[in-house]
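Before I ask anything, let me first share the structure, which is written out below as structure tokens.
The values are calculated or read from the model by the stated rules, or taken from the named source; none is laboratory data. On a predicted model such as this, the values are computed, not experimentally measured, just so you know. Every residue, glycine as well, gets a Cβ built from its backbone with ideal geometry; the counts of neighbours run over all protein chains shown. The accessibility values were calculated without ligands, DNA or RNA, using every heavy atom of the protein model including side chains. Shrake-Rupley method; radii C 1.70, N 1.55, O 1.52, S 1.80 Å.
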Amino acid sequence: MTLTHYLVLSGILFSVGAATVLLRRNAIIAFMGVELMLNATNLSLVTFSRMHGELTGQVLAFFVMVVAAAEVVVGLAIIVAIFRTRRSASIDDVNLLKS
Amino acid sequence: MHTLTSVVDGLVPAATLATDTLSPAGETVSGGIFSVAPLLVGLPLASAAILLLLGRRADTWGHWLGVLASAGAFVVGLLTFLRILDRPADERVLDVHLGTWIDAGAFHLDAGMRLDPLSLTFVLLVTFVGTLIHVYSVAYMEHDADRRRFFAYLNLFVAAMLVLVLANSFLLLFVGWEGVGLASYLLIGFWNHHMPYAVAAKKAFVANRVGDLGLLIAMGLMFAHFGALDFATVLDDPAAHASEGTLTAIGLMLLLAACGKSAQFPLQSWLGDAMAGPTPVSALIHAATMVTAGVYLIVRSGAVFEAAPDAQLVVVIIGAITLLFGAIVGCAKDDIKKALAASTMSQIGYMVLAAGLGPVGYAFAIFHLVTHGFFKAGMFLGAGSVMHGMDDQVDMRRFGGLARYMKITWITFMMGWLAILGIPPFAGFFSKDKIIEAAFIPTDGAQWRAWVFGTVALLGAGITAFYMSRLFFMTFEGERRWTTKRDGSEQHPHESPALMTWPMIILAVGSVGLGLVLSLGGRFVGWLEPVTGHAEHGEPVLPEWLLIALTLAVVVVGLVVAWRRYAVSTVPVVPPLGTALTRAARVDLYQDAVNDAVLVEPGQHLTRSLVYADHAVVDGGVKGLAHSTVGLGSLLRRAQTGYVRTYAATMLGGLVVLLVVVLVVQS
Amino acid sequence: MSALVGAAEVVAGNLPGVAGLLPQAVDSAGDASTAEAVLFWVLAPIMVIASFGLLFARKAVHAALSVILVMVSLAFLYVTQGAVFLGVVQVVVYTGAIMMLFLFVLMLVGVSSADSLVETIRGQRWIGWLAGIGLLVVLAGVIGTAAYPTPVGLGAANEDTNPTGIARVIFGEYVFAMEVVGALLVTAALGALVFTHRRRLTPRLGQRERADARVRAGQHLAPLPAPGVYAKHNAMDVPALDPYGRPIESSVPRVLRVRGQEADAAEYAARIDRVIAGKAAVESGRTALDEQQDNPPPVADPAGAPVGAPHIGDAVAGVDASAPDSEEGK
């Protein structure tokens, strides 16, 4: 096997995450899809880091994790707030942007 | 005369007199009596401002302030006149510099007053007749609640008229031109609570605007070709600066302006309706002064017309047409003021005709203008006096036999009547007959012009004699046709108070003697020569004595016909049907109908179609754009489902497409 | 930081297989070692299958658990690739914090808020699948066509252990980014507080306020009477009698009333009469349970005192507002 296999795995996980965002209506699951995409990216970064013998890639992955943590906190807070008012966790119910 | 001059010198402080260095004609002067010349305009203008601004607080004394301002202007004018008269003939054109008015790049225009025989003639006429009419108005308007406002407007008119005649440039003249238009509008519509009067004021205003447009275009042409608007530049050999075509255009535009202001054909329709104003207004503005401003304009810009013979010919034609037009209309009118208005129109036709004859006619045009100012103002005041005594009755068929009851009015009116008829030695004989004589002088050797215009002028004199005699006989002679109790109200004619009769008497004296005094030894013509230039008299196509005899004969025929029909025989109270010509003349030869058909109707159609086009094309375009934007928006709105997942799908699809493109391009 | 490094060592220590492979994997500059390949080929299918769980699991909890599996596996792969620090952070931050947060929210929102897989947006399913597969194909194309340098390996970079190397980069080159990220985290925490904060619009109702309200309304102040207080009979579904012998409706538990399972007081009064008359000895020997089975809830006897079930609508209206969730969960 080569390091390319990691990249392929990363691509698969990313695609599955993207498909999840598109296909699942539950906001929490869709959000998990986003997290999966971020993780797939991190895998790529780590692989590239190894490929180039540089730690910068890992540092970038680290920052991605921190930002993801912040994102999750805010995102889940939004989901909770919406659930409180609308009694629903479906993202299709939040379509007020439509005229 | 010399004693008078020394009096003037005594009035002026010695110190100022010392600096009063007299400069050559046309050059700028300052100091001495000429430094108070701006008071000519300033006095009436200040009075008008005071009267208008103080409002009702000035009601008790406002009219006297108005009289004083006008009289003050007359005194200043008289002093200036005497001072000028004291100078040699070739130094009588003066320019009083007042300051820079417009300084825009290459265009520089000074505000100044041109003091020369022509403008001073007008100044004296306007202020003298104006003051008399002010005095008359004090009594005439006594019972009007708005007398103060009336005097404010009268003063405003005097100020504007003086600006008009004293201006040293066409632009400043235009200021006065508009000012008299405004004053005329305000005074015609003085009783604007009465709808037809307000409409008449508007009509006069609109007709004047048409003329003003001509003056504006003329000024534009001058600015384009001369680069200046002051008389000194434009009128100094205009042929050297512009082609004859340009000058013809300028001349025609100036003529249009004159037509509008002087009620000449084809802009004559407003004058009859302008009689809606109080009678003193009719006397001052619509007989003696403002309506003659057109003649002044033509004479003032004589240099332009002389360089454009075609324009000059048109001036003569216009004058001839109006002369006959006014005379015919005057024969049919039963309203005393409208008959006088038609007569004014006709007499100004004479003046315009004379002004179109070139230097030969200028002096006679102005001469007739002055005498006409006296006798026509006198007759208007007489008409006002008659109305005063007849409870504002204006229908001449309801007058008759008034001579016994209003002796002063009768006699003064008779002086004016004889003057306009041209009976020697009354004023009209010296001015009008000279115009007829000048019309018979062939211009540029064109015999036909002499015959045609001479005959028209001669014919006009006959018709004038007929309708003026008709007016006089219907009013003062024959049997009484007053309204009685059966008609609603009984009339008790009585003579007017002294404040009204004295101005009439003074004007009657002028009507009698002014012509003789001024024409003795060609005094008036000589006085005007610095402006009009010396003109060699050509020989009329007929001998002079024959022309005088012919004119008198024609006048006597007209008089006798009128005597037979309106003094000897009974005048019906209800106007008879009359001939087709009479019926046409009663409605001013269908001038309003023609205006309606030619101008008003098409104009209304044009505006309606413009409104339609505005709605259909402009609004349609704008609304169509808006609708299509809305439609496009509602079409695009469908893309906005509000579903986050749809948006995410769009993003991802875009990403995929982007990557595919990158891959394809790279490989 | 030293704690994290320690944690990494712990992880490495707990997984002897991985720890043993680790030096080889890192040292091999180019291709991975056989051990790494084995680990990869074991973990990769598990991760892919688990990620499909995210796509297809009906229950959100299952999806969350499968994501946790993927993330833990990723941690292994990180460690294998020489990113020891990141592997530990992955476990601590992602599986330990983020996914736990997800589970908390799932519990808060309702575990059973299952996501029906029936699509509501027309065409979205096809678009989703197309985009997902398209993305996969395109990414594969990118990975396949990209030119890679000869793998260097992290041997030199990880000379002073991996956390030390990362610390040098973070606190050297990226110290400003580090600070900014700290600010971002504080902001996010505050943001979450703001989002979930609810302002109290009505004054808080304590015990005292409730008592005052009850007195003001003139309601029953004492505890409600106990049901079934009879000399001979005692059951939850029998109303108590007031001093005048009239049944007290409110003494029967509300649930029984709503279900219509309360007994008719008149019926029991009649029974008591019969007992007193010395009849029906058999009936008196029966248990309450049997009685209920034999005698379905008696309808009100027209002759007896009017005791009926309260209006069903009133009863439902009184149910707690959170009830629909449990209904939905069924």
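Could you say which residue among C:Leu190, C:Leu135 is modelled with pLDDT of 90 or more and under 29 Å from B:Gly654 (Cβ atoms)?
Matching residue, one of C:Leu190, C:Leu135: C:Leu135.
Would you check if C:Phe176 is more than 10 Å from every other protein chain (Cβ to nearest Cβ) and either part of a helix (DSSP H, G or I) or modelled with pLDDT of 85 or more (or both)?
On the way: more than 10 Å from every other protein chain (Cβ to nearest Cβ): yes; either part of a helix (DSSP H, G or I) or modelled with pLDDT of 85 or more (or both): yes.
Answer is yes for this residue.
Being out of contact with any strand residue (DSSP E or B) (no Cβ under 6 Å at 6 or more places or on another chain), under 11 Å from C:Val238 (Cβ atoms) and either at pLDDT below 70 or among the aliphatic types (A, V, I, L, M) (or both) is the filter here; which residues of region C:249-265 pass it?
C:Val252, C:Leu256, C:Ala263
Starting from residues that are out of contact with any Lys or Arg (no Cβ under 8 Å at 6 or more places or on another chain) and in a loop (DSSP other than H, G, I, E, B), keep the ones in region C:179-199 and report whichever is nearest to the other protein chains (Cβ to nearest Cβ).
So, considering only residues that are out of contact with any Lys or Arg (no Cβ under 8 Å at 6 or more places or on another chain) and in a loop (DSSP other than H, G, I, E, B), the one nearest to the other protein chains (Cβ to nearest Cβ) is C:His197.
Could you pull out every one of the helices (runs of 4 or more DSSP H) wholly within region C:35-129 that has 2 or more residues that are at the interface with chain A (Cβ under 10 Å from one of its Cβ atoms) and among the charged types (D, E, K, R)?
Details: elements: C:60-80, C:84-89, C:99-109.
Correct list: empty, since no element meets the threshold.
Test each condition in (1) within 14 Å of chain B (Cβ to nearest Cβ); (2) more than 14 Å from the chain's Cα centre (by Cα); (3) under 30 Å from C:Ala189 (Cβ atoms); (4) open to solvent by 10 Å² or more (accessible area, probe 1.4 Å) for A:Asn26 and report the one that comes out false.
It fails just one condition, (4).
Specify the residue that is farthest from B:Thr322 (Cα to Cα); the eligible residues are those in region B:618-629 that are open to solvent by less than 100 Å² (accessible area, probe 1.4 Å) and among the aliphatic types (A, V, I, L, M).
Applying the filter and picking the extreme gives B:Ala626.
Here's another thing I want to ask about it. Mind checking which residues of region A:1-28 are closer than 20 Å to C:Arg122 by Cα and aliphatic (A, V, I, L, M)?
Across region A:1-28, the qualifying residues are A:Ala18, A:Ala19, A:Val21, A:Leu22, A:Leu23, A:Ala27.
State which residue is farthest from the other protein chains (Cβ to nearest Cβ) when the search covers only region A:29-46 and only residues that are among the polar types (S, T, N, Q) and surrounded by fewer than 24 Cβ atoms within 10 Å (Cβ to Cβ).
So, considering only residues that are among the polar types (S, T, N, Q) and surrounded by fewer than 24 Cβ atoms within 10 Å (Cβ to Cβ), the one farthest from the other protein chains (Cβ to nearest Cβ) is A:Thr41.
Kindly establish whether A:Val21 is surrounded by fewer than 21 Cβ atoms within 10 Å (Cβ to Cβ), without any contact (Cβ under 8 Å) to a residue 24 or more places away in the chain and aliphatic (A, V, I, L, M).
Numbers: surrounded by fewer than 21 Cβ atoms within 10 Å (Cβ to Cβ): no; without any contact (Cβ under 8 Å) to a residue 24 or more places away in the chain: yes; aliphatic (A, V, I, L, M): yes.
Taking the combined requirement at face value, the residue does not satisfy it.
Does B:Glu495 qualify as being surrounded by fewer than 14 Cβ atoms within 10 Å (Cβ to Cβ) and either in contact (Cβ under 8 Å) with a residue 12 or more places away in the chain or outside any loop (DSSP other than H, G, I, E, B) (or both)?
no
Starting from region B:439-453, keep only residues that are open to solvent by less than 60 Å² (accessible area, probe 1.4 Å), then list their pairs with residues that are modelled with pLDDT under 85 and in a strand (DSSP E or B) whose Cβ atoms are within a distance under 7 Å, requiring at least 6 positions of separation or different chains.
B:Arg449/B:Thr443
With the requirement that a residue be in contact with a Gly (Cβ under 8 Å, 6 or more places away or on another chain) and crowded, with 20+ Cβ neighbours inside 10 Å, what does region A:65-94 give you?
Matches in region A:65-94: A:Val73, A:Ala77, A:Ala89.
Look at B:Leu655 and say whether it is part of a helix (DSSP H, G or I) and either among the hydroxyl-bearing types (Ser, Thr, Tyr) or surrounded by fewer than 10 Cβ atoms within 10 Å (Cβ to Cβ) (or both).
no
When you look at C:Ile166, is it in contact (Cβ under 8 Å) with a residue 60 or more places away in the chain, in a helix (DSSP H, G or I) and either open to solvent by less than 80 Å² (accessible area, probe 1.4 Å) or at the interface with chain A (Cβ under 7 Å from one of its Cβ atoms) (or both), yes or no? Give the steps one after another, and end with the answer.
Working: in contact (Cβ under 8 Å) with a residue 60 or more places away in the chain: yes; in a helix (DSSP H, G or I): yes; either open to solvent by less than 80 Å² (accessible area, probe 1.4 Å) or at the interface with chain A (Cβ under 7 Å from one of its Cβ atoms) (or both): yes.
Yes, satisfied.
Since A:Ile82 meets every condition but one in (1) within 14 Å of chain B (Cβ to nearest Cβ); (2) free of Cβ contacts under 8 Å to residues at least 24 places away in the same chain; (3) over 23 Å from B:Leu652 (Cα atoms), which condition does it not meet?
(2)
Here are some residues: B:Ala648, B:Ala639. Which one is out of contact with any Pro (no Cβ under 9 Å at 6 or more places or on another chain), part of a helix (DSSP H, G or I), open to solvent by less than 90 Å² (accessible area, probe 1.4 Å) and not assigned by the TED database to the domain that holds B:Val329?
Being out of contact with any Pro (no Cβ under 9 Å at 6 or more places or on another chain), part of a helix (DSSP H, G or I), open to solvent by less than 90 Å² (accessible area, probe 1.4 Å) and not assigned by the TED database to the domain that holds B:Val329 holds for just one of B:Ala648, B:Ala639, which is B:Ala648.
Answer yes or no as to whether B:Val594 is exposed (fewer than 11 other Cβ atoms within 10 Å of the Cβ) and in a helix (DSSP H, G or I). Reasoning before the result, please.
Details: exposed (fewer than 11 other Cβ atoms within 10 Å of the Cβ): no; in a helix (DSSP H, G or I): yes.
Taking the combined requirement at face value, the residue does not satisfy it.
Within region A:50-79, can you find the residues that are at the interface with chain C (Cβ under 7 Å from one of its Cβ atoms) and not hydrophobic (A, V, I, L, M, F, W, C)?
A:Arg50, A:His52, A:Gly53, A:Glu54, A:Thr56, A:Gln58
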